[in-house]
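Here's the structure we're looking at; comments come further down.
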Amino acid sequence: MDTEPRDWLRRANLRVTAPRLAVLETVAAHPHSDADRIAAAVRKSLGAVSTQAVYDVLRACVRAGILRRIEPAGSAALYETRIGDNHHHLVCRGCGAVADVDCVAGAAPCLHPDDAHGFVLDEAEVVFWGRCAACARSTDSPRRLPL
């Protein structure tokens, strides 16, 4: 993937706008961010931008394949620029930290169900749950996610 958000937008046939660039730059710098965090960063960069405008940009970029949206249980939707490689995620039950983990075994879809029910599979989405190193050392966790 090209390294410039401007190129990502052009390749997806989307207009290059300041809000789109700011959203993509924010997500690239802070993967696994939710829309509120992205909107706050975009406002620092551009000034007044509505939350709805940020959601519209996120939706358009996900639909165009520029961003990936993940939704770990108990969490707001999170966005990342790492797309198309069928990677998975680790989520901390204590603090909610999210980390990427490469495909668990071989090429996509990595996992194969006993019965695909006629589906042609191209991706598997796996979320590993546990506690990050910091939370594992601590007895106090500020946030508790689903078991």
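Only the coordinates and a few stated rules stand behind these numbers; no lab work does. These figures come from a predicted structure and were not determined experimentally. As a convention, Cβ positions derive from the backbone with ideal geometry for all residues, glycine included, and neighbour counts pool all protein chains shown.
Spin-label pair Leu90-Gln52: with each label point 7 Å from Cα along the Cα-Cβ axis, the two points sit 4.1 nm from one another. In the chain, Cα pairs under 8 Å separated by at least six residues give a relative contact order of 19 percent. Using only side-chain charges placed at the Cβ, +1 for Lys and Arg and -1 for Asp and Glu, the dipole size of the chain relative to its Cα centre rounds to 720 debye. Add +1 for every Lys or Arg and -1 for every Asp or Glu among the other residues with Cβ under 10 Å from the Cβ of Ala60, and state the total. Once positives and negatives cancel, what remains is +3. Normalised radius of gyration (Cα atoms, divided by 2.2 N^0.38 Å) for the range 1-80: 1.00. Using a cutoff of 8 angstrom between alpha carbon atoms and counting only pairs six or more residues apart, the relative contact order for the range 5-70 works out to 33 percent.
Counting only Cβ charges, +1 for Lys and Arg and -1 for Asp and Glu, the dipole size of the range 5-70 around its Cα centre is about 200 debye.
Report the FRET efficiency, 1/(1 + (r/R0)^6), for Arg6 and Ala134, where r is their Cβ-Cβ distance and R0 is 41 Å, rounded to 0.05.
FRET efficiency, Arg6 to Ala134: 0.70.
Just name one of Gly130, Pro113, Asn86: the one whose Cα is farthest towards the positive end of the charge dipole of the range 85-137 (beta-carbon charges, Lys/Arg +1, Asp/Glu -1). The residue sitting farthest along the positive end of the dipole is Gly130.
Spin-label pair Val127-Val62: with each label point 7 Å from Cα along the Cα-Cβ axis, the two points sit 1.3 nm from one another. Given the alternatives (i) 17.8; (ii) 15.0; (iii) 16.8, Kirkwood radius over Cα pairs in Å as computed for this entry is given by (iii).
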